[in-house]
Amino acid sequence: MPSIDRSTFGRALQNGVNLNDPGVRAKLEAAGVDIAMLKSAGDIDNDGWIKSSAELDKAFKLVDDFDRNGSSKSFDNSGRAGQTFQALVAAAESSRRRS
């Protein structure tokens, strides 16, 4: 199980995640992602997107909090952390295609 560090996380989500898009929200919810928690933690400017560097840092911390690999600089791409990361990557891809 590879680890995901902040740099990898940022590259994977560099186009942002549009939390206003119903299709994106549905993908995240289907993967068990709590949209309200994600929005509260990551959407700093309340524009419905997780896109800026500061927002991606907050989202990384949220995902890393699900992980117990002993490092705040990475998380294992498995369990709830991995599931949430993969859902965010899929959502970012959907956001990119729709923007």
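Derivation of every value follows stated rules applied to the coordinates shown; laboratory data play no part. All values derive from a computational prediction rather than experimental measurement. Every residue, glycine among them, receives a Cβ derived from its backbone with ideal geometry; neighbour counts consider all protein chains shown.
Of note:
- Test: T8 is surrounded by fewer than 17 Cβ atoms within 10 Å (Cβ to Cβ), polar (S, T, N, Q) and in a helix (DSSP H, G or I): yes
- Against the conditions (1) in a loop (DSSP other than H, G, I, E, B); (2) surrounded by 15 or more Cβ atoms within 10 Å (Cβ to Cβ), S71 satisfies every one except (2).
- Number of residues in the range 9-33 that are of a type in the set (V, I, T) and over 12 Å from the mean Cα position of the chain (by Cα) equals 0.
- Residue within the range 51-67 that is touching a residue at least 40 places away in the same chain (Cβ under 8 Å) and surrounded by fewer than 17 Cβ atoms within 10 Å (Cβ to Cβ) present: yes
Matching residues to (1) of a type in the set (A, V, I, L, M, F, W, C); (2) assigned to a helix (DSSP H, G or I); (3) out of contact with any helix residue (DSSP H, G or I) (no Cβ under 9 Å at 6 or more places or on another chain):
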{"position": "Q14", "(1), (2), (3)": "no, no, no"}
{"position": "G23", "(1), (2), (3)": "no, yes, no"}
{"position": "A26", "(1), (2), (3)": "yes, yes, yes"}
{"position": "A36", "(1), (2), (3)": "yes, yes, yes"}
{"position": "L56", "(1), (2), (3)": "yes, yes, no"}
{"position": "L62", "(1), (2), (3)": "yes, yes, no"}
{"position": "T84", "(1), (2), (3)": "no, yes, no"}
{"position": "A92", "(1), (2), (3)": "yes, yes, no"}
{"position": "S95", "(1), (2), (3)": "no, yes, no"}
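- Residue pairs meeting the criteria (Cβ under 6 Å; at least 6 apart or on separate chains; first in contact (Cβ under 8 Å) with a residue 12 or more places away in the chain and at negative phi, in the range 70-99; second of a type in the set (F, W, Y) and not in a helix (DSSP H, G or I)): R80/F66; A81/F66; A81/F75
- Scanning the range 27-68 for residues that are more than 13 Å from T84 (Cα to Cα) and not aromatic (F, W, Y) yields a count of 21.
- Hey, V89 within 10 Å of the chain's Cα centre (by Cα) and more than 17 Å from A36 (Cα to Cα) or not: yes
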